[in-house]
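In what follows, a single structure is set out as structure tokens and then discussed.
Since every read-out is calculated from the coordinates, none of them should be taken as a lab result. All of these numbers come straight from a predicted model, not from anything done at the bench. Quick reminder, even Gly has a Cβ in these numbers, built from the backbone with ideal geometry, and neighbours come from all protein chains shown.
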Amino acid sequence: MAVVEINKENFEQIVSASGIVMVDCWASWCVACKDFGPVYERVADKHPNHAFGKLDTENEKEIVSALEIEHIPTLLLYRDGIMLLFQPGYFAEEKLEDIVDQAESVDMNAVRSHIQAEENRQSQEAG
């Protein structure tokens, strides 16, 4: 699957999709982003069953603000609409492949149960 450009019109639809979605948050002036771009594209090409997107932080300031992205590049990883990774920095190809492998093996039922338990705990503390 080709890497898609992410903007405010398609962001929610893309990140809430089922399966694995990775988002590279970048800027044209960022040297590390320019170095990371080809790595990201190669990994995307190896995983056509997953969605890969690029978010131009200069043009999508609303999303950047909502996600509180302070450093670039930043990698976001969602699975079944749940954010599993928010990590600034450059990733070597091997590390990025490892991140994809780990995302594939996550027990999403356990993640959902943990989220529900945390929401219940916060609700009890508030009430």
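When the dipole is taken about the Cα centre of the chain, and only Lys, Arg (+1) and Asp, Glu (-1) are charged at their Cβ, what size is it in debye, to the nearest 20?
60
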**Net length gained if the chain between residue 61 and residue 119 were fully extended (0.36 nm per residue, minus Cα distance)** = 18.0 nm
**Asked** Which Cys residues of the chain have no other Cys Cβ less than 4.7 Å away and so no disulfide-compatible partner by this rule?
**Response** 25
**Message:** Which GluC sites (Glu not before Pro) in region 63-127 sit in a loop by DSSP (not H, G, I, E or B) and have at most 10 other Cβ atoms within 10 Å of their own Cβ?
**Reply:** 68, 70
**Message:** Can you tell me which of 106, 15, 43 moves the most in a GNM of the chain? Springs connect C-alpha atoms under 10 Å apart.
**Reply:** 106
**Asked** Against the longest principal axis of the chain, how steep is helix 108-126, in degrees 0 to 90 to the nearest 10, with axes from Cα atoms?
**Response** 60
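To make sure I understand, if each residue's beta carbon is the centre and we count other beta carbons within 10 Å, what order do 114, 50 fall in, fewest to most?
Ordered from fewest to most neighbouring Cβ atoms within 10 Å, 114, 50 come out as 114, 50.
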**Request:** Answer with a single label: of (i) 32, 31, 28; (ii) 48, 30, 25; (iii) 76, 39, 32, which was calculated as Cα extents along the principal axes in Å from the structure in view?
**Result:** (ii)
**region 1-54: trypsin sites (Lys or Arg not before Pro) in DSSP loop, at most 16 other beta carbons within 10 Å** = 8
**Complete:** Stretched fully, the stretch from residue 10 through residue 108 gains (0.36 nm per residue minus C-alpha distance, one decimal, in nm) 32.9 nm
